[in-house]
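Values quoted throughout were computed directly from the atomic coordinates according to the rules given, and no laboratory measurement underlies them. What you see is a predicted model, and the numbers here were worked out from it, not measured in a lab. Note: ideal-geometry Cβ built from the backbone for every residue, glycine included; neighbour counts use all protein chains shown.
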Amino acid sequence: MLLLIALLVICAATASFMWRFRRRLERRAGPWIAAAGGQTPPTGQVRRSGSHAQSTNAPRSQAATAKTAANNGASSRVDALDLLRLVAVLMVVFYHYGFWGPTAEGISQVALPGIAGFAQYGFLGVPVFFVISGFVIAYTAEGRTALEFAIARISRIYPTFVCCMTMTFLAVLALGKPYFEVTSLQWFANLFIAAPALGQSYVDTSYWSLVIEVIFYAWMALLIFFGLFPRCLDAIILIWLAITLAIALTADGSGIRKLFITEDSGFFASGLLIYEYYRGRRDLMLIGLLALSTGTATLQAVHKLETLGIHTGSSFDPRIVVAICLVSIGTIFLATRIRRVPLPARLILALGGLTYPFYLLHMQMGYVLYMAAPGNAEWEIPVVVTLIAILSWAIWRFVERPAQKWTRAVLTGGVSQLAKKRALPQS
């Protein structure tokens, strides 16, 4: 514990020194020298999402950058990542229906023995999501204030979560017995996402990864607020990975592990660094950090095998896990280099859009629907999964998109009203 505290103090002091040094450098030599490290474009330059930097003749504010990103959103999407999101969620589906159900949930009926041999490695679909999330969050954070970033993230994940969680709650309430039970108090606690913190279990245990995402968003918002992201990204990654190592060595409690996301930090860091390469940065420091983050992510995935083996009573081949991690991160990197995918844009948008509600609905609701069906035949599992996929598309199309706009408008309006009230002179 003393080692961890000492490391945190050193990391904090290092970050403070680097920040002050950079500010002093900017004031004395101007933003061109400050940008020499490749972290941020100099004043008068804005790097667009793509493989090359795009220069402009006039300085641009954060608001202008954000507005341009919004206007160009449709053309600047990385279509291949939407398809990889679908692949990742299908990995998790295979895991839950081909392996997790009978081994961990005790539901022997939810099993596809024919695919159990490779379905057991589908748990790596979640870390793949984390890599993509690191990339996407870096993309969406660019040009935004901390408050704008927070509003965008809340609008993106919360309305859909409440919708899918409530639908799962109602399905379990109506059809879950005798295999599953749920209470109104449990539903209420899940409205706060981190239900276990309130002494209640998740309505669907797959929500654990959403808690990790929210913690990552909170850290990003803080870093943006203090002006550290993306200016000091290299230092942030190094400090984060150092904390990960320190906590691994001290074997501290689960609370601090979750706070610093030390079991998945390598995956998020890899995504952040892939975005740096995507937006035009090229230097040895970036390549070295990406290699370090990828290696950390691979070790973290292998480290999880011991817990999974105890929980499921199964064995995993670490060589397969290493191969999947390396191939997955490499594939995500290559996907960001693909300019166009030979598929209709609307189809790609829909496939990427349905993945979030599909992830939230597929497990618990799928188990309930399958157990409620007569016969529990293996062929019914693909039918259930297909029905949930269709439902997920409908939620994305008719609920998620308008709910996001409404939530963003309400939050933005509320913040504006609060700002106006605070700006009024005292009588």
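Computed quantities for the displayed model
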read-out	value
Scaled radius of gyration (Cα, divided by 2.2 N^0.38 Å) that segment 277-398 gives	1.43
Separation of alpha-carbon centers, segment 379-413 and segment 292-327, rounded to whole Å	32 Å
Debye-sum result for segment 138-229 in log10 I(q)/I(0), which assumes one identical scatterer on each alpha carbon, at q = 0.14, 0.20, 0.21, 0.26 Å⁻¹	-0.58, -0.92, -0.97, -1.27
FRET efficiency, 1/(1 + (r/R0)^6) with R0 51 Å, evaluated for residue 319 and residue 191 via beta carbons	0.75
Per-peptide average of other Cβ atoms within 10 Å, ordering 208-216, 152-160, 268-276 highest first	268-276, 152-160, 208-216
Residue-by-residue Karplus 3J(HN,Hα) for segment 308-317, coefficients 6.51, -1.76, 1.60, Hz, glycine and proline x	5, x, 5, 6, 9, x, 10, 10, 10, 8
Sequence of 348, 137 once ranked by neighbouring C-beta atoms within 10 Å, starting from the fewest	348, 137
Filtered chymotrypsin sites (Phe, Trp or Tyr not before Pro), segment 360-402: DSSP coil and at most 10 other beta carbons within 10 Å	379
Gained length - residue 248 relative to residue 181, 0.36 nm times residue gap less alpha-carbon distance	20.5 nm
Per-peptide average of other Cβ atoms within 10 Å, ordering 164-171, 355-362, 308-315 highest first	355-362, 164-171, 308-315
Distant-in-sequence amide H partners of residue 263 (H built 1.01 Å from N, under 5 Å)	none
Cβ crowding within 10 Å averaged over residues, with 122-135, 218-231 ranked highest first	122-135, 218-231
Per principal axis, descending, Cα span of segment 232-312 in whole Å	44, 23, 16
FRET efficiency, 1/(1 + (r/R0)^6) with R0 25 Å, evaluated for residue 115 and residue 331 via beta carbons	0.75
Ascending count of other beta-carbon atoms within 10 Å, so fewest first, for 317, 79	317, 79
